[in-house]
Amino acid sequence: MRNNLLTTANEQTSNDPFLSGAPPHWAARGLSYLLILLFGALVSVSILVEIPETISATFVLAPKRGADPVRALRGGVVQRVAVVEGQDVAQGEKLFVIRSEQAGDQSADVRSLETQVRSGSESLSIATDRRRAQQLSFAQERRKLQGRIEHLERQTELKGGELTMAREVVENFTQLRREGLASAMVLKDKQVEVSRLTAQLEQLRDEQRDARATIEKLGYEEEALVNEYRERERAVKEELETAKIRIAARSPWVAQTRDSEFVALAPCSGTILRLHVKANGAIVSDGEPLCEIACAGERLQAELQIPQAGIGRIRNGQGVRLMYDSFPYQQFGVKFGALCWISPTASTETFRAIAEIDAESVMVLGEPTPLKAGMAGRAEVVIAKRSLISFALDPIRRLRENLAAPPDRSAQKQPTARDIVTQSR
């Protein structure tokens, strides 16, 4: 009786349309169409949609014309490093302090040369004053002698007149003596007077000749003095020029030297890109680079370090996406550039490449903020565009290449000795 009731209830449940477990025919057909359309859409998207394939690399901004190296002009021990990488510095700002015995010796040499220049200038000034005083003395002596000559000329003229008159008197007395009108004693006195005047006239002429000779001698002495002064002036000026040249040769570091300490100064206003010497107490040699500074106002470019895995597929002109560490791309966006140079050789484990950047500023709070040399970040070089389905097929290609075997070369004909001899001939 109980089994009959259960059978009847089951038959009623199976005949009830509201409790049927099978879906209607239109729902199953619609769901199948939806799945087919979805699959077709996915296949179309995977074939038509292309995404860029990139190679990641690190980069740092650097001046287009390169950085200016600051070198140690004198070797020694670094006493203090006054800057850090990425720091902005002004022209003439102190960068490094180096203690060097050479700097002390060179400073002493420079001070000695400067003393030599001062003493040479003073010696030349004293010689000039002495020459002027001697020239004034010669001029005064020449004027005195010239006045003496003029006085002697006047005396000579007077004595000449007296001698002429005395000779006329002697001639008259000689005539009178012949006539017996004058005594011989008077005639002799007149002749003595003529001899005396003649001797005085000759003496005056001798004094004139001596005065002129003295003037000529003064001229020679003055000329010799001028030549001697010129030779001394030439020698002193040559020594001064030599000393000044030696000082000028040391001028790049003389101003940066204090006793035995050499101070390396910034050659221009800019940013410290990298430090070659970072710790106090480091020993540096002559000409060794201390740091590199990027001068302000120069156009910037991005220097990329391309890994070995991607160097074979990059080319000049490919686009580069730049993501700066100083300006997170999630907030300030991605910046762009293009490759313009790729190093033909590797440095350590990477290849160096250079990309020109499209913009040298970033908008921050509505205002452009200029980029600075030394800013770093991550770069992505876009090497190609691939569809989604090609990425999905990568495991299959990898599996195929892993299963690929090298060609069998054992079946190739081995050359005989005769063949080798024939080929060599």
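Structure above, values below:
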{"item": "Unique match (being outside any helix (DSSP H, G or I) and farther than 21 Å from Lys144 by Cα) among Leu187, Leu176, Leu181, Leu197", "result": "Leu181"}
{"item": "Number of positions in the stretch 378-402 that are at pLDDT 70 or above and of a type in the set (A, V, I, L, M, F, W, C)", "result": "7"}
{"item": "Considering residues of the stretch 118-150 that are more than 19 Å from Tyr220 (Cβ to Cβ) and among the hydrophobic types (A, V, I, L, M, F, W, C) only, the residue most open to solvent (accessible area, probe 1.4 Å)", "result": "Ile126"}
{"item": "Within the stretch 195-214, considering residues that are acidic (Asp, Glu) and surrounded by 12 or more Cβ atoms within 10 Å (Cβ to Cβ), the one nearest to Gly161 (Cα to Cα)", "result": "Glu202"}
{"item": "Only one of Arg80, Arg167 that is open to solvent by 40 Å² or more (accessible area, probe 1.4 Å), under 23 Å from Gly287 (Cβ atoms) and among the basic types (Lys, Arg)", "result": "Arg80"}
{"item": "Of the criteria (1) at pLDDT 90 or above; (2) over 22 Å from Gly297 (Cα atoms), which one Leu322 fails", "result": "(2)"}
{"item": "Selected residue (only one of Ser20, Ser46 is open to solvent by less than 60 Å² (accessible area, probe 1.4 Å), among the polar types (S, T, N, Q) and at pLDDT below 70)", "result": "Ser46"}
{"item": "Single match in Val192, Val186 (criterion: among the hydrophobic types (A, V, I, L, M, F, W, C), without any contact (Cβ under 8 Å) to a residue 60 or more places away in the chain and open to solvent by 60 Å² or more (accessible area, probe 1.4 Å))", "result": "Val192"}
{"item": "Sole residue being touching a residue at least 60 places away in the same chain (Cβ under 8 Å) and either acidic (Asp, Glu) or loosely packed, with under 14 Cβ neighbours inside 10 Å (or both), chosen from Glu153, Glu179, Glu101, Glu162", "result": "Glu101"}
{"item": "Failed condition for Glu292, given (1) open to solvent by 50 Å² or more (accessible area, probe 1.4 Å); (2) among the acidic types (Asp, Glu); (3) closer than 24 Å to Arg99 by Cα; (4) modelled with pLDDT of 85 or more", "result": "(1)"}
{"item": "Subset of the stretch 348-368 [assigned to a strand (DSSP E or B), open to solvent by less than 80 Å² (accessible area, probe 1.4 Å) and free of Cβ contacts under 8 Å to residues at least 40 places away in the same chain]", "result": "Ser361, Val362, Val364"}
{"item": "Val263 closer than 19 Å to Gly120 by Cα, out of contact with any Phe, Trp or Tyr (no Cβ under 6 Å at 6 or more places or on another chain), open to solvent by less than 80 Å² (accessible area, probe 1.4 Å) and modelled with pLDDT of 80 or more", "result": "no"}
{"item": "Strands (runs of 3 or more DSSP E) lying entirely in the stretch 46-154 (those with 1 or more residues that are in contact with a Leu (Cβ under 9 Å, 6 or more places away or on another chain) and charged (D, E, K, R))", "result": "50-63, 68-71, 94-99"}
{"item": "Within the stretch 299-347, tally of residues that are closer than 16 Å to Arg378 by Cα, free of Cβ contacts under 8 Å to residues at least 24 places away in the same chain and out of contact with any strand residue (DSSP E or B) (no Cβ under 7 Å at 6 or more places or on another chain)", "result": "4"}
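The values are calculated or read from the model by the stated rules, or taken from the named source; none is laboratory data. Source: prediction; values computed, not measured. Cβ atoms come from the backbone with ideal geometry, glycine included; neighbour counts cover every protein chain shown. The area values use the complete protein model at the heavy-atom level, side chains included, leaving out ligands, DNA and RNA. Shrake-Rupley method; radii C 1.70, N 1.55, O 1.52, S 1.80 Å.
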